[in-house]
Amino acid sequence: MASMRDIKRRKGSIQSTQQITKAMKLVSTVKLQHAKTGAEQTKPYSDCMYETISQVLKKAGNIDHRYLKPGESDKAAIIVITSNKGLAGGYNSNVIKMITGSDIEPAKAMVYAVGRKGKEALARRGYNIAADYCEVINTPLFSDACKIGKDVLEGFANGEFGEIYLAYTRFKNTVSHIPTMLKLLPVQIESKENEAKDEKPTIDDLTLMNFEPDADEALDMIIPNYINSLIYGALIEAVASENGARMQAMDSATSNAEEMISDLSLKYNRARQASITQELTEIVAGASAIN
């Protein structure tokens, strides 16, 4: 059994740690409120952009455009959004597991890392880090998303890779965060086979999309803006998910510390009671010996 001094020292150490986790929880809660507002305002726009472009391309007919067909390279670019800091539960590890568990081999992946934790973890696993945007996640701006989008689009146009993916954590609510891997390029057009067979197409569904001045010029403008909007939306949702995950992790750590302190207090009282009992026994035994 540990001595009273050891128990008291350990209890004091846990109490100090608990104060830190409480402070981190409060900070994460405040940051989450701001990030949550941004995510809730940005998410409808990103979702609407995704649905709109899907519908536009669905009605575009058979257009031969470089963004609508796979590149010649068998490599894939992955924009990985994680955090620069730890102590966020499984937030970072869930994104890493999603990438390593995908069909993309490390030798054929080019990682565009947003967040130090993801970059370091994937580099240890043999993934090629093509670009580092770690500072972007601190305060995401639309201009940052445009810079990332421009870099990956140039690599796609130059034939450095044939596909572009976006890996991030989707913010559903304060306690639910979903690791998501979205294919950005080539843009996938939903097949009519996925639609209900008993649902008859309307005239609007059969009407082809007209582009002015021509399809190639219009798609050269539309798709980059579409990519930039999805990247920006992912950055905003990732920040909200990170703070939500950290708040939950610090809340759990604080609760665990409270349980450990309660257990150590019980052990300390037992050790103290045993020490007092032993002293009384020695005093009685000494008095009996004198008599």
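All of the numbers you see were taken from the coordinates with simple rules; none came from a lab. Being a predicted model, the structure only gives us computed values, none of them experimental. Glycine also receives a Cβ, built like all others from the backbone with ideal geometry; neighbour counts cover every protein chain displayed.
Restricting to DSSP H runs of at least four residues, report the calculated mean residue ellipticity at 222 nm for the chain, -39500 (n - 2.57) per run over all residues, nearest 500 deg cm²/dmol. Please report the intermediate quantities before stating the final value.
On the way: 6 runs with 170 residues, N = 291.
Per the formula, -21000 deg cm²/dmol.
R0 = 45 Å: FRET efficiency of Asn62 with Gln19, Cβ-based, nearest 0.05? Don't skip to the answer; put the middle values down first.
Numbers: r = 64 Å, r/R0 = 1.43.
After rounding to 0.05, the efficiency reads 0.10.
Any chance you could list P(r) for the range 206-291, counting all Cα-Cα pairs in 10 angstrom bins from zero, rounded to whole %?
13, 15, 13, 12, 11, 9, 8, 7, 5, 4, 3, 1
How big, on average over all directions, is the shadow cast by the Cα convex hull of the range 236-276, in nm²? Spell out each step's value before the answer.
Numbers: hull surface 9.7 nm².
With the hull built on Cα positions only, its mean projection is 2.4 nm².
Quick one: grab Rg to one decimal and Dmax as a whole number for the chain, Cα atoms only, in Å.
28.5, 116
Set the Förster distance to 25 Å, then compute FRET efficiency between Ser265 and Leu87 from the Cβ-Cβ distance, nearest 0.05. Let's see the in-between values first.
On the way: r = 26 Å, r/R0 = 1.04.
So the FRET efficiency works out to roughly 0.45.
Starting from the Cα gyration tensor of the range 85-196, multiply each eigenvalue by 5, take the square root, and state the resulting semi-axes largest first in whole Å.
Details: eigenvalues 100, 78, 52 Å².
The equivalent ellipsoid of the range 85-196 has semi-axes of 22, 20, 16 Å.
Using the basic label-point model (7 angstrom from Cα toward the beta carbon), what is the His34 to Lys8 distance in nanometres?
That separation, rounded to one decimal, is 4.3 nm.
How much length would be gained if the chain were fully extended between Leu280 and Asp216, taking 0.36 nm per residue of separation minus their Cα-Cα distance, in nm to one decimal?
Result: 13.6 nm gained on full extension.
Quote the convex hull volume per residue of the range 18-145, based on C-alpha atoms, as a whole number of Å³. Before the final figure, lay out each step's value.
Details: hull volume 18.2 nm³, N = 128.
Taking only Cα atoms, the range 18-145 has a hull volume of 143 Å³ per residue.
Can you compute the modelled spin-label distance between Glu160 and Ser252, with each label point 7 Å from Cα toward Cβ, in nm?
Output for this residue pair reads 3.7 nm.
Pairwise over distinct Cα atoms, reciprocal of the mean inverse distance: report the Kirkwood radius of the range 1-59 in Å, one decimal place. Intermediate results must be reported in sequence, preceding the final value.
On the way: mean 1/r = 0.0633 Å⁻¹.
15.8 Å is the Kirkwood radius here.
Could you name the lysines whose alpha carbon sits less than 16 Å from that of Lys22, not counting residues in the same chain fewer than 8 places away?
Cross-link targets: Lys31.
Using Cα pairs closer than 8 Å and at least 6 residues apart in sequence, work out the relative contact order for the range 46-187, in percent. Display every interim value, and only then the final one.
Details: 223 pairs, mean separation 43.8, N = 142.
After rounding, I find 31 percent.
Based on alpha-carbon atoms only, what is the radius of gyration of the range 77-123 relative to the globular estimate 2.2 N^0.38 Å? Provide the component values of the computation, followed by the final result.
Working: Rg = 10.1 Å, N = 47, 2.2 N^0.38 = 9.5 Å.
Normalised Rg, Cα atoms only: 1.07.
Pairwise over distinct Cα atoms, reciprocal of the mean inverse distance: report the Kirkwood radius of the range 106-154 in Å, one decimal place.
Working: mean 1/r = 0.0885 Å⁻¹.
Hydrodynamic radius (Kirkwood, Cα pairs) of the range 106-154 is 11.3 Å.
Length gain on complete extension for the stretch Asp132 to Thr100, per 0.36 nm per residue less the alpha carbon to alpha carbon distance?
9.6 nm
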